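Remarks on the structure that follows.
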Amino acid sequence: MNQILRKRVLTPVTKEIVVAAPHIARKAQPGQFVILRVSQEGERIPLTIADFDRDEGTITLVYQEVGYTTRLLGKLEPHDHILDLAGPLGLPAELPDKGRVIAVGGGVGVAPLLPKCKELHRRGINLISIIGARSSDLIILEDEMRACSDELHICTDDGSRGFKGFVSDKLKQMLETELNPDEIDEVIAIGPIPMMKATCAAAKEFGVKTWVSMNPIMVDGTGMCGACRVTVGGETKFACVDGPMFDGHLVDWDEAWRRANSYREQEQIANERCRCGGDRQWL
Amino acid sequence: MALKKSRVEMPVQDSEARKSNFDEVALGYTEEMALEEAARCLNCKKPFCVEGCPVNVRIPEFIKLITEKKYQEAINVVKSTNSLPAVCGRVCPQEIQCESKCILGRRGEPVAIGRLERFVADWEMEHGNPEVPEIKPNGKKVAIVGAGPAGLTCAGDLARLGYEVTIFESLHEPGGVLIYGIPEFRLPKDIVRREVDYVKRLGVKIETSFIIGRTMTIEELFDKGFDAVFIGSGAGLPMFMRIPGENLNGVYSANEYLTRINLMKAYKFPEYDTPIVSGKKVAVVGAGNVAMDAVRCALRLGAEKAMIVYRRGREEMPARAEEIHHAEEEGVEFHLLTKPVRILGDEKGWVAGMECIRMELGEPDQSGRRRPVPIEGSEFVMDVDTVIMALGTSPNPILVQTTEGLDAHKWGGLITKSETGRTTKPRVWAGGDAVTGAATVILAMGAGKAAAKDIHEYLESGSADW
């Protein structure tokens, strides 16, 4: 169980693993996530299911090595096992059956965006995708996104490829000049909080409904702890059981950002240790 | 020899020292103490204490065996009706159960039944070799949802009867509230692990990180060939007050706070990876056992002020007497008849204070306790940097949402027949907090036991009637 079958390095800091998890693969739907733990002392972290193959009995996870646990995960190779893996968790994404959708992905957010795009493509939706990263070497899953999109636009903050600027700027430009906002059924935006916030702001200007996928701090992932509280339309929701997809125009972004950074100091302590090898040299 | 009116005191870790460690507070009786206390038992012909026990442990019988120094036989008597004695000896509210019925309690202190139960359970762990009875498989399969007290008890009883039992647990470690909820200093996790190991030695399989309702539905369990399902999924959803400021950084549900500490070992960060931010001035809202656990953890994580904030009075506090007593000894402040109305934040969004209002007690409410009423104009601000909400929990709706025919009350508790634990769905039983809402370990065990008995009778009878 939970054996890593294949691994791909997508960027210097982003990796993709395909994991044998037949029970989870059998039930997984776009928008759902898993909780995993890498070591006996390890924390539980949520990762969105980036893809699943029911026949093969596998799920695909894509992660950026930003924190201690994702770095430990990055050290695992094919044949290694993930210690604990639970899922699928959260509500499946509610996707439209027809019409036109713009999918916007920032950084590693393209990974959770991909299963929704694949499903939209399967349903015959006209799909315009905008993906971006800080620079061209950090763009991930371009071929996969191209395969399911009718149009694919690439953005980089530094202009090393495609449109120079944020994905939210590109969306705004397109809604202003090329597209008729009335013909867009919805925007799906997934990425870092500032990117989702800016994308929502851009779409709101043109009155386009926008779905976002929240990725807050979680412990159990089944509704038990309430660490993942997010305010949506003035109401407290638990991202793990009420989400993770929410109407982006109703999300309290400043609160979400603040809560996401609750453990900044502790994360630094953990990362320091990881860089030095710490007590985990056996990995 | 005249009978002693007072029970033998339980030795405890010094309150100053224990405030800064997570080691067990109550140290347990020595053999001499146990013999002295056991000698107080009158061995009543009609033992009321047994009636006071939700699993009817044959109390006078095991205590008599202690006086004869037959400790292995004593623990065997306890274990014939209670599969988690080391746990119950530590966390049962004996003062409202067995000990409340003890004849000695009329003139002095009742026999310290819980302490004696703990003594024999610990004796066996140290000296004995827990015996596994011979089991004849009967070829039938039962699935259990949740490896907490209800599920472990039900599983243990069914395994003894020959059933092939599999427990499905959503977390990565079995034990339920015994692992994620109750802190090390009250219930060492090694003890829980040993109790779980014993259930495994009876042949019970435990699948962790397996969420019934998500990874597999109850219907699919039947498709897999299980003959019956018992739901002991607990009451996992934390309640909040719905007051302004509850989502500030530094506000925790007690579930989150305790799970980080107990299951994830955040008190050992960075040796363990899960962090916790627990401040210097910690307010815990509520006064049940969970609130006492949280506030005493806060002390151990370095709080200079650890406070209970409770809207009712001292008499109404629902926690076990011993927990309140230990919390007081350790220096916890009790702010009674005080209700939070708003949590205040600093410019960075962290808790910087809590506005409260004073209360007075009015007429009794539905629970029979006097209803607290706010005193107008009495608002004041408490200086706090961390707030923990310990207001109770309700059952998780995942199973009801994913199981056709499984009905729940509006507040979330599963609807069952009280004697047997049968739910509204044929071949599905339930018990423990999933049915009652947050209650005690022993009541959950009693429900698991009753369900095991009825599952056996039902499957034996071969009847299709429900």
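In table form, for the structure just shown:
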item	result
Shape of region B:123-277, Cα gyration tensor, a/c cut at 1.5	oblate
Among B:LEU171, B:ASN129, B:ILE211 - extreme Cα towards positive end, dipole of region B:117-226, charges at beta-carbon	B:ILE211
A:GLU77-B:GLN401 FRET efficiency (beta carbon distance; Förster radius 35 Å; 0.05 resolution)	0.35
Interchain or long-range residues, amide H under 5 Å from B:ALA408's placed H	B:ILE415
Accessible-area value, B:SER170, 1.4 Å probe, nucleic acids and ligands omitted, Å²	30 Å²
Unsatisfied cross-links (Cα-Cα over 32 Å) in the set B:LYS79/B:LYS410; A:LYS116/A:LYS237; A:LYS7/B:LYS189; B:LYS205/B:LYS268; B:LYS5/B:LYS70; B:LYS4/B:LYS70	B:LYS79/B:LYS410; A:LYS7/B:LYS189
Note, ³J(HN,Hα) from phi for region B:239-248, Karplus 6.51, -1.76, 1.60, rounded to Hz, x at Gly and Pro	9, 10, 8, 6, 10, x, x, 5, 9, 5
5 angstrom amide H check on B:GLY353, placed H, neighbours 5+ away	B:LEU344, B:VAL384
Dipole of the protein assembly as shown [Lys/Arg +1, Asp/Glu -1 at C-beta], most positive-end residue of B:THR424, A:PRO115, A:ILE154	B:THR424
Region B:204-216 - phi-based ³J(HN,Hα) in whole Hz, Karplus 6.51/-1.76/1.60, Gly and Pro as x	6, 8, 10, 9, 8, 6, 10, 9, 5, x, 10, 5, 7
For chain A, the longest site-free run once GluC sites (Glu not before Pro) in DSSP loop states with at most 16 other Cβ atoms within 10 Å are removed	A:179-283
Under the Debye formula (equal points on every Cα, no solvent term), log10 I(q)/I(0) of the protein assembly as shown at q = 0.07, 0.09 Å⁻¹	-0.54, -0.88
Computed P(r) (all Cα pairs; region B:236-339; 10 Å bins; percent)	15, 47, 33, 5, 0
Exposure rule at most 14 other beta-carbon atoms within 10 Å, DSSP loop GluC sites (Glu not before Pro): chain B longest free segment	B:135-270
Cα gyration tensor shape of region B:395-466, rounded if a/c is under 1.5, else prolate or oblate by comparing a/b with b/c	oblate
Using alpha carbons only: equivalent-ellipsoid semi-axes of chain B, gyration tensor based, whole Å	36, 30, 21
Potential lengthening between A:ASP55 and A:ARG6 on full extension [0.36 nm per residue; Cα-Cα distance subtracted]	16.0 nm
Percent RCO, i.e. relative contact order, over chain A, from Cα pairs under 8 Å lying at least 6 residues apart	16 percent
Value in Å of the Kirkwood radius, where region A:38-122 supplies the Cα pairs that are averaged	14.9 Å
Average projected area [Cα convex hull, region A:114-250], square nanometres	8.9 nm²
B:GLU95 paired with B:PHE48, simple spin-label distance in nm, labels 7 Å along Cα-to-beta-carbon	1.8 nm
Cα-centred dipole magnitude for region B:38-106, charges only on beta-carbon of K, R (+1) and D, E (-1), debye, nearest 20	160 debye
Isotropically averaged projected area of chain A, using the convex hull of Cα atoms (one quarter of hull area), nm²	14.4 nm²
Diffusion constant of region B:186-272 at 10 °C, which comes from Stokes-Einstein with the Kirkwood Cα-pair radius and 1.306 mPa s, µm²/s	94 µm²/s
Label-point separation, B:LYS224 to A:ASN261 (7 Å along Cα→Cβ), nm	4.4 nm
Tensor-based shape of region B:328-466 (alpha-carbon gyration tensor, a/c under 1.5 rounded, otherwise prolate or oblate)	prolate
The protein assembly as shown: calculated mean residue ellipticity at 222 nm from DSSP helix runs of at least 4, using -39500 (n - 2.57)	-8500 deg cm²/dmol
When each of B:LYS19/B:LYS305; B:LYS45/B:LYS453; A:LYS170/A:LYS197; A:LYS172/A:LYS197 is checked by Cα-Cα distance, pairs over 20 Å	B:LYS45/B:LYS453
Sequence-distant residues sharing a close amide H with A:LEU10 (under 5 Å, placed H)	A:LYS15, A:GLU16
Once exposed loop trypsin sites (Lys or Arg not before Pro) are cut out (DSSP; at most 15 other Cβ, 10 Å), longest piece of chain B	B:108-223
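The values are calculated or read from the model by the stated rules, or taken from the named source; none is laboratory data. Please read all numbers here as calculations on a predicted model, not as lab measurements. When we count neighbours, we look across all protein chains shown, and the Cβ atoms used for this are built from the backbone with ideal geometry, even at glycine. Accessible surface is based on the protein model in full, side chains and every heavy atom, while ligands, DNA and RNA are left aside. Shrake-Rupley method; radii C 1.70, N 1.55, O 1.52, S 1.80 Å.
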